[in-house]
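Trainee: First the structure, then my questions, so here it is.
The values are calculated or read from the model by the stated rules, or taken from the named source; none is laboratory data. Here the structure is a predicted model, which means the values were calculated and not measured. Cβ placement follows ideal geometry from the backbone for every residue including glycine, while neighbour counts extend to all protein chains displayed.
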Amino acid sequence: MRLAAPRPMTAAVLVVLASTWTGAQTPALPRTPDGKPNLQGIWQVLNTAAWDLQDHSARLGVPGGQTVVDGNDIPYQPATLKQKQQNFANRATADPETKGFLPGVPRIMYMPLPFQIFQTPTHVAMTFEYAQAVRILYTNGTPHPRGPINWWLGDSRGRWDGDTLVVDVVHFTDQTWLDRAGNFHSDALHLVERYTMTGPDHINYEVTVEDPKVFTRPWKMSMLLYRRKEPNVRLLDYLPALLMDEEQAARERAKTK
Amino acid sequence: MTTRRAGILTLLVVAVASLDAAAQTLPRPPVLAGCPTENLAFHSCALQKAKTFTPPRTSSGKPDFQGYWRSLLTMSFTVEGVREDDPLAKDPFQAWEAAPPEIVEPADRQIPYQPWAVPLGRRGVHFKEYIDPRTTCSTGGIPRLSLQDASQILQPPTDDHILWLHDDHHQFRVIAMDQRPAVGKDVKLWNGISRGRWEGNTLVVETTNLNGYIWMDDSGNFYTDTARLTERMTMIDADVMHYEVTIEDPTAYTRPWKVAWALVREMEAGFELIEESCREGDRSVPNLLKLGRKLYFGATWKNR
């Protein structure tokens with residue numbers, strides 16, 4: 001009862017204490033004019049999650065790597081576990097990413113290529129070197145549009161929880177995988193992403209993955225995003241489908257010569 | 001018989017692809033922001049309006065271009081315009097609407113191609129033998145990107161970049177505003193590398209490092225990888241922008257030339273860009289290849 005109606009002074013003290021405990025005002029972070037952590041810049045992972053989210057030894061063309069999954073456990077249902085194993089066996093051709101398609105979320109975040117973040121009070125936009133992909137994260141308080149919608153990169157609505165950007169993502173296709181190792185999801189995929197700067201050059205990226213058609217419970221992955229600090233670093237382009245076309249065109253020309 | 005059927009099929013496929021592109025441009029009004037709407041007349045009038053209009057400002061005091069935009073006074077077929085008596089204006093499969101050239105300079109309103117480039121670009125080899133690169137789900141390129149469908153401009157309050165997002169094939173333009181150095185000429189991108197600056201109320205964007213793999217319109221007009229583009233964008237009233245591009249390419253042209261049109265604010269409440277995946281569902285390119293059309297990738301100017 002007393003807790004339900006604290007005196008104004010008590011409430012203010014609690015707010016200050018709470019923000020200290022959660023580190024909500026880490027002073028070293030760069031900030032935008034509206035006081036939010038400034039996530040802008042060019043970022044990239046330094047891990048092997050795009051090949052395999054879980055612990056794995058090196059394979060030809062794939063560096064060994066440690067898991068980004070909490071407890072290294074992805075909780076498949078019995079039937080979907082079989083599908084995952086089949087995907088792994090056929091991954092060289094069955095992975096939709098091998099066709100140069102948009103790789104889905106969260107996979108686009110840990111492709112081994114840079115991406116750039118832009119931030120205004122109402123939008124956080126991410127542009128990717130890989131496949132010229134774009135994510136627009138609305139931070140203007142708007143809700144998800146009404147589904148069903150099947151977007152390759154889903155629909156992202158964000159809000160700031162202290163210094164953490166929390167993004168809710170829904171409206172996916174069932175056509176993308178989570179990695180080259182065959183981890184997959186359905187169109188019922190629901191993600192909650194948390195972006196927390198741990199210093200001026202690092203973002204802790206954490207994703208809760210929920211998909212009742214594929215997994216028995218929600219599970220979590222986390223990894224660091226590193227700032228690219230080369231003085232004139234720029235986002236270039238890597239367009240896999242068009243690079244495949246370009247090779248094909250060169251082969252055709254060689255044939256007719 | 002087979003050849004004839006293939007020919008008809010080609011026409012149908014091309015017609016469908018082109019209709020899709022054409023449907024995205026808005027009808028031309030008689031007057032826009034108090035200016036006539038024939039491109040050259042609009043261009044001259046808009047340059048005057050730009051001198052007196054005071055645009056809204058961002059929190060940091062820069063002209064505020066943020067929001068959603070669509071092109072006007074454009075057509076997708078050719079920057080050189082389609083005359084009333086053009087046979088393509090009466091084409092049974094795809095009648096192209098007559099429209100003035102988007103070119104406002106030089107005075108003859110034609111692309112000042114060097115002689116070698118004319119038979120490629122001017123409804124020539126490209127149009128007859130190659131697949132429009134945009135049909136393969138590439139970028140429309142600059143300046144074609146700005147006339148396809150809706151776009152959104154974001155100006156982060158840090159003023160170090162402007163981001164121009166396009167509905168068309170989820171394309172984007174990163175415009176660096178921080179005066180950073182250029183990038184080596186062997187780095188080539190579909191949309192090039194863009195550096196911008198404010199000249200009064202005008203955003204000036206210079207783009208180099210282009211791969212020259214795009215066409216400027218459906219009919220195959222082109223530049224090569226030595227092109228340098230200068231875009232100038234100025235608001236002339238609250239909802240209308242003057243958009244002008246100077247196109248230079250010492251490999252393909254005898255002199256710089258210029259196109260101009262308008263960008264108008266998208267007014268629909270709650271409007272947002274949507275994900276336009278393309279390659280993921282594309283079925284047309286394999287068919288066009290089967291019909292003997294070729295992939296472009298600058299093959300004509302590279303192998304001349």
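Trainee: Identify, from the list A:G61, A:G100, the residue that is on the phi > 0 side of the Ramachandran plot and surrounded by fewer than 15 Cβ atoms within 10 Å (Cβ to Cβ).
Mentor: When all the criteria are applied, what remains is A:G61.
Trainee: Could you tell me whether any residue of segment B:121-134 is surrounded by fewer than 20 Cβ atoms within 10 Å (Cβ to Cβ), among the β-branched types (V, I, T) and part of a helix (DSSP H, G or I)?
Mentor: yes
Trainee: Go through (1) in a helix (DSSP H, G or I); (2) over 16 Å from the mean Cα position of the chain (by Cα); (3) modelled with pLDDT under 95 one by one and return the number of the condition B:S146 breaks.
Mentor: (2)
Trainee: A:V169 passes all but one of (1) within 14 Å of chain B (Cβ to nearest Cβ); (2) in contact with a strand residue (DSSP E or B) (Cβ under 8 Å, 6 or more places away or on another chain); (3) without any contact (Cβ under 8 Å) to a residue 24 or more places away in the chain; which number fails?
Mentor: (3)
Trainee: Among the listed residues A:T216, A:T256, identify the single one that is β-branched (V, I, T), at the interface with chain B (Cβ under 10 Å from one of its Cβ atoms) and more than 20 Å from the chain's Cα centre (by Cα).
Mentor: Testing whether each residue is β-branched (V, I, T), at the interface with chain B (Cβ under 10 Å from one of its Cβ atoms) and more than 20 Å from the chain's Cα centre (by Cα) leaves just A:T256.
Trainee: May I ask you to say which residue of A:A50, A:A28 is modelled with pLDDT under 95 and either under 29 Å from A:V166 (Cα atoms) or part of a helix (DSSP H, G or I) (or both)?
Mentor: A:A28 is the lone residue from the list that is modelled with pLDDT under 95 and either under 29 Å from A:V166 (Cα atoms) or part of a helix (DSSP H, G or I) (or both).
Trainee: Ok, one more. Which residue is nearest to B:L203 (Cα to Cα), if the candidates are limited to segment B:174-184 and must be facing another protein chain (nearest Cβ under 10 Å) and within 22 Å of the chain's Cα centre (by Cα)?
Mentor: Looking at residues that are facing another protein chain (nearest Cβ under 10 Å) and within 22 Å of the chain's Cα centre (by Cα), I get B:A176.
Trainee: Still on this structure, please answer the following. Across segment B:132-148, which residue is farthest from the other protein chains (Cβ to nearest Cβ) among those that are out of contact with any strand residue (DSSP E or B) (no Cβ under 7 Å at 6 or more places or on another chain) and β-branched (V, I, T)?
Mentor: That would be B:T135.
Trainee: Could you tell me how many of the residues in segment A:131-179 are of a type in the set (S, T, Y), in a strand (DSSP E or B) and crowded, with 21+ Cβ neighbours inside 10 Å?
Mentor: Residues meeting the conditions: 1.
Trainee: With respect to A:H202, is the statement that it is in contact with a Leu (Cβ under 6 Å, 6 or more places away or on another chain) and away from chain B (no Cβ under 14 Å) true?
Mentor: So A:H202 fits the description; yes.
Trainee: Of the residues that make up segment A:119-130, is at least one closer than 28 Å to A:L242 by Cα, buried (at least 16 other Cβ atoms within 10 Å of the Cβ), facing chain B (nearest Cβ under 8 Å) and in contact with a helix residue (DSSP H, G or I) (Cβ under 9 Å, 6 or more places away or on another chain)?
Mentor: Within segment A:119-130 (the criterion being closer than 28 Å to A:L242 by Cα, buried (at least 16 other Cβ atoms within 10 Å of the Cβ), facing chain B (nearest Cβ under 8 Å) and in contact with a helix residue (DSSP H, G or I) (Cβ under 9 Å, 6 or more places away or on another chain)), the answer is no, since none of the residues qualifies.
Trainee: When both residues are 6+ apart or on different chains and their Cβ atoms are under 7 Å apart, which pairs have a first residue that lies in segment A:238-251 and is facing another protein chain (nearest Cβ under 9 Å) and under 16 Å from B:R283 (Cβ atoms), and a second that is among the aromatic types (F, W, Y) and not in a loop (DSSP other than H, G, I, E, B)?
Mentor: Every condition considered, no pair remains.
Trainee: How do the pairs read when you match residues in segment B:88-99 that are touching a residue at least 12 places away in the same chain (Cβ under 8 Å) and farther than 14 Å from B:D218 by Cβ with residues anywhere that are of a type in the set (A, V, I, L, M, F, W, C) and part of a helix (DSSP H, G or I), using Cβ under 8 Å and keeping only pairs 6 or more apart or on different chains?
Mentor: Close Cβ pairs (under 8 Å, with a partner that is of a type in the set (A, V, I, L, M, F, W, C) and part of a helix (DSSP H, G or I)) amount to B:A98/B:A89.
Trainee: Pull out all pairs, ordered by first then second residue, where Cβ-Cβ is under 9 Å, the residues are six or more apart or on different chains, the first lies in segment B:179-191 and is closer than 23 Å to B:L145 by Cα, and the second is surrounded by 10 or more Cβ atoms within 10 Å (Cβ to Cβ) and acidic (D, E).
Mentor: Close Cβ pairs (under 9 Å, with a partner that is surrounded by 10 or more Cβ atoms within 10 Å (Cβ to Cβ) and acidic (D, E)) amount to B:K185/B:D225; B:K188/B:D225; B:L189/A:D237; B:W190/A:D237; B:N191/A:D237.
Trainee: Same structure again: State yes or no: is B:V204 within 9 Å of chain A (Cβ to nearest Cβ) and out of contact with any Pro (no Cβ under 9 Å at 6 or more places or on another chain)?
Mentor: For B:V204, the condition - within 9 Å of chain A (Cβ to nearest Cβ) and out of contact with any Pro (no Cβ under 9 Å at 6 or more places or on another chain) - is not met.
Trainee: Residues being part of a loop (DSSP other than H, G, I, E, B) and facing chain B (nearest Cβ under 10 Å): count how many of those fall in segment A:37-47.
Mentor: 2
Trainee: Moving on. Applying the selection to segment A:84-121, what residues are of a type in the set (S, T, N, Q), under 24 Å from A:N150 (Cα atoms) and without any contact (Cβ under 8 Å) to a residue 60 or more places away in the chain?
Mentor: Within segment A:84-121, A:T93, A:T98 qualify.
Trainee: Then there's this: Looking at the structure I just gave you, is B:R197 among the basic types (K, R), more than 9 Å from chain A (Cβ to nearest Cβ) and buried (at least 17 other Cβ atoms within 10 Å of the Cβ)?
Mentor: no
Trainee: Could you grab me the full set of residues in segment B:275-284 that are of a type outside the set (D, E, K, R) and either touching a His at 6+ places or on another chain (Cβ under 6 Å) or more than 8 Å from chain A (Cβ to nearest Cβ) (or both)?
Mentor: Listed by number, the residues that qualify are B:C278, B:G281, B:S284.
Trainee: Quick one: would you say B:S151 is of a type in the set (S, T, Y), under 30 Å from A:G41 (Cβ atoms), in contact (Cβ under 8 Å) with a residue 60 or more places away in the chain and touching a Leu at 6+ places or on another chain (Cβ under 7 Å)?
Mentor: Against the criterion (of a type in the set (S, T, Y), under 30 Å from A:G41 (Cβ atoms), in contact (Cβ under 8 Å) with a residue 60 or more places away in the chain and touching a Leu at 6+ places or on another chain (Cβ under 7 Å)), B:S151 qualifies.
Listed here are the residues, each with its yes/no results for (1) within 8 Å of another protein chain (Cβ to nearest Cβ); (2) touching a strand residue (DSSP E or B) at 6+ places or on another chain (Cβ under 8 Å); (3) polar (S, T, N, Q).
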residue	(1), (2), (3)
B:A150	no, yes, no
B:H161	yes, yes, no
B:D167	no, yes, no
B:F172	yes, yes, no
B:D186	no, no, no
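Trainee: Another question, if that's okay. Considering segment A:145-156 alone, what residues qualify as being within 11 Å of chain B (Cβ to nearest Cβ) and either over 16 Å from A:P103 (Cα atoms) or aromatic (F, W, Y) (or both)?
Mentor: Hits for segment A:145-156 are A:P145, A:I149, A:W151, A:W152.
Trainee: Right, something else. Sort out which residues of segment B:66-89 are on the phi > 0 side of the Ramachandran plot and outside any loop (DSSP other than H, G, I, E, B), and write them in order of number.
Mentor: The answer is B:G67, and nothing else.
Trainee: Scan segment B:232-252 and give yes if some residue there is farther than 27 Å from B:N303 by Cα, within 15 Å of the chain's Cα centre (by Cα), at pLDDT 95 or above and surrounded by fewer than 20 Cβ atoms within 10 Å (Cβ to Cβ), otherwise no.
Mentor: yes
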